[in-house]
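Undergrad: Just passing along the structure, written as structure tokens.
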Amino acid sequence: MSAADTTPPALRTVEEQLGDVLAAVRPLAAATVALEEAAGRTLRAPLRAALDIPVFDNSAMDGFAVRFADVAAATGDAPAVLRVVADLPAGTSDDPRLGAGEAARIMTGSPVPADADAIVPFEDTAGGLADSLHTARVLRAPARPGVFVRRAGDDVHAGDILLEEGTVLGPLQIAAATAAGVTEAFVSARPRVAIVSTGSELAPAGTPLRRGQIPESNGVLLAGLAAAAGAEVVARLSVDDEGAALRDAVSAARAASVDAVVFSGGVSAGAFEVVRAELSGAMTFSRIAMQPGKPQGFGTLPTPAGAALLFGLPGNPVSAAVSFEVFVRPALLALQGRRAIHRPILQLPAGAPWRTPEGRRHYLPAVVDTDRDGSWTVRPATAGGSGSHLAGGLGRARALAVVPAEVVEVRTGDPVAVMLLEGWDA
Ligand code: AMP
Ligand code: MG
């Protein structure tokens, strides 16, 4: 063998690997569904308002609907005295006529009579609420016509784009759409995902462990992360390192036309790397300049309905979690047509020093200390360092600290890029 043959190939960058992943993404089908079924799904067309918001001119205050001209000169010394000719509670459809010197008692949100052009709150009258059904003695003139009248369409006009394509429909978005009279939405299908854990050392959660076994935990990890990214997890399997069970799992996933299979374990350079051994045709195995997560496999598999993305993540739980964040989550969001596929990055000062690997970008499970005075800092989630085998420390992590490849040491106070994870404020 020549010397050149023994030189390991250069590590690929995260961006190169992610570029390959995203290039393989074909957005999933979209369909119109009832709004209440659209929670967590991604809009694939702009969502337009069906109604104005506010729906009609309504009062912003409890008080009196008046004709501005009647009260324009009112003062404490010279009150304007109005005859109350109607009472307008919330939900009323009345539109009483108001002649000169007349007013209607009105509650917040009630429709403003067509003849009124201002609202005088109870606070600006002599009698307030207590004496409000016969006479209103107005002690202070409204600043201008239209005061305290919320005009129809002030916020949104029917036909306006309420939510952009690529927006995920959370409770706030569904509420806004509902307020605008919308009852259905054109949204992406959910990615159908199979999770396949590999390793002959893995025992189902809760079973007694013989020497050499550990509880299988990547299954719940990756299934939960996939669901949080909008996916439907259609299968969760654990297979040994022999090959037959893995081949069966792949056949089943193909037959079910899943959109993605997320494997964990069996992708590095050991003796029993089952994903690598069985799928080297469909997947490419690479070494990425990141820690954890250096060994990664990625490829595609034709299915009866299209193609499945195949992700081969390293098995260490910290490596699997980080790899999911970096490669799988963006792909699942891109499949759904999500506008923002990357987590926002925050710059926070380090609250403690730590060492980081040279030549590889470091993704460190981290804790964000949120001081009440607003000065936040970031520190490692595990006292024991950054080892990818520290599965327990993962439970404390609320964020990933991202340190560039060329940095070898983070000192207290250094600015650090931080990705906040789901439930970061828990
Ligand atoms: P591998 O990438 O297959 O070499 O796995 C590396 C290490 O990660 C194994 O030795 C296990 O300690 C751990 N590991 C792999 N798969 C899982 C899993 N599904 N659940 C928990 N730990 C795992
Ligand atoms: Mg293994």
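The values are calculated or read from the model by the stated rules, or taken from the named source; none is laboratory data. What you see is a predicted model, and the numbers here were worked out from it, not measured in a lab. Every residue, glycine among them, receives a Cβ derived from its backbone with ideal geometry; neighbour counts consider all protein chains shown.
Undergrad: Of everything in the range 251-275, what is surrounded by fewer than 22 Cβ atoms within 10 Å (Cβ to Cβ) and either under 20 Å from GLU16 (Cα atoms) or more than 14 Å from ligand 1 (Cβ to nearest atom) (or both)? Give them in sequence order.
TA: Across the range 251-275, the qualifying residues are SER251, ALA252, ARG254, ALA255, ALA256, SER257, SER268.
Undergrad: Tally up the residues in the range 293-317 that are near ligand 1 (Cβ under 9 Å from one of its atoms) and hydrophobic (A, V, I, L, M, F, W, C), please.
TA: So the count comes out to 1.
Undergrad: Still on this structure, please answer the following. Among the residues of the range 168-209 satisfying the criterion of being in contact with a helix residue (DSSP H, G or I) (Cβ under 6 Å, 6 or more places away or on another chain) and of a type in the set (Ser, Thr, Tyr), which is farthest from ligand 1 (Cβ to nearest atom)?
TA: THR183
Undergrad: Here's a follow-up. Being surrounded by 17 or more Cβ atoms within 10 Å (Cβ to Cβ) and within 30 Å of ALA245 (Cα to Cα) is the filter here, so list the residues in the range 145-200 that pass it.
TA: ALA189, ARG190, PRO191, ARG192, VAL193, ALA194, ILE195, VAL196, SER197, THR198, GLY199
Undergrad: Also, I was wondering about something else. Exactly one condition in (1) within 16 Å of ligand 1 (Cβ to nearest atom); (2) without any contact (Cβ under 8 Å) to a residue 60 or more places away in the chain is false for SER375; which is it?
TA: Status for SER375: all satisfied but (1).
Undergrad: Test of understanding: among VAL196, VAL234, which residue is closer than 30 Å to THR42 by Cβ, away from ligand 2 (no atom under 16 Å from the Cβ) and not acidic (Asp, Glu)?
TA: One residue alone meets the criteria, VAL234.
Undergrad: Mind listing just one residue for me: the one in the range 84-108 that is assigned to a loop (DSSP other than H, G, I, E, B) and in contact (Cβ under 8 Å) with a residue 40 or more places away in the chain and, of those, nearest to ARG151 (Cα to Cα)?
TA: This residue is THR108.
Undergrad: So is LEU364 out of contact with any strand residue (DSSP E or B) (no Cβ under 6 Å at 6 or more places or on another chain), crowded, with 19+ Cβ neighbours inside 10 Å and among the hydrophobic types (A, V, I, L, M, F, W, C) or not?
TA: The answer is no for LEU364.
Undergrad: Here's another thing I want to ask about it. Of everything in the range 263-297, what is of a type in the set (Ser, Thr, Tyr) and within 15 Å of ligand 2 (Cβ to nearest atom)? Give them in sequence order.
TA: SER264, SER268
Undergrad: In the range 105-159, which residue that is over 35 Å from the mean Cα position of the chain (by Cα) and of a type in the set (Ser, Thr, Tyr) is farthest from VAL71 (Cα to Cα)?
TA: Per the stated criteria, the residue is SER110.
Undergrad: Output the strands (runs of 3 or more DSSP E) that fall wholly within the range 284-356 and possess 3 or more residues being under 23 Å from the mean Cα position of the chain (by Cα) and surrounded by fewer than 17 Cβ atoms within 10 Å (Cβ to Cβ), or say none.
TA: The strands (runs of 3 or more DSSP E) meeting that bar are 345-349.
Undergrad: Is there any pair with a first residue in the range 202-216 that is within 15 Å of SER264 (Cα to Cα) and a second that is among the hydroxyl-bearing types (Ser, Thr, Tyr) and at pLDDT 95 or above whose Cβ atoms are under 6 Å apart and which are 6 or more apart or on different chains, and what are they?
TA: From the range 202-216, the pairs are LEU202/SER238; GLU216/SER197; GLU216/SER238.
Undergrad: Evaluate the range 319-340: report whether one residue or more is touching a residue at least 24 places away in the same chain (Cβ under 8 Å) and within 10 Å of ligand 1 (Cβ to nearest atom).
TA: yes
Undergrad: Would you mind finding the one in LEU246, LEU237 that is surrounded by 22 or more Cβ atoms within 10 Å (Cβ to Cβ) and in contact (Cβ under 8 Å) with a residue 40 or more places away in the chain?
TA: Criteria check complete, one pass: LEU246.
Undergrad: Among the residues of the range 248-262, what is the count of those that are away from ligand 2 (no atom under 16 Å from the Cβ), among the hydrophobic types (A, V, I, L, M, F, W, C) and not in a strand (DSSP E or B)?
TA: Qualifying residue count, the range 248-262: 6.
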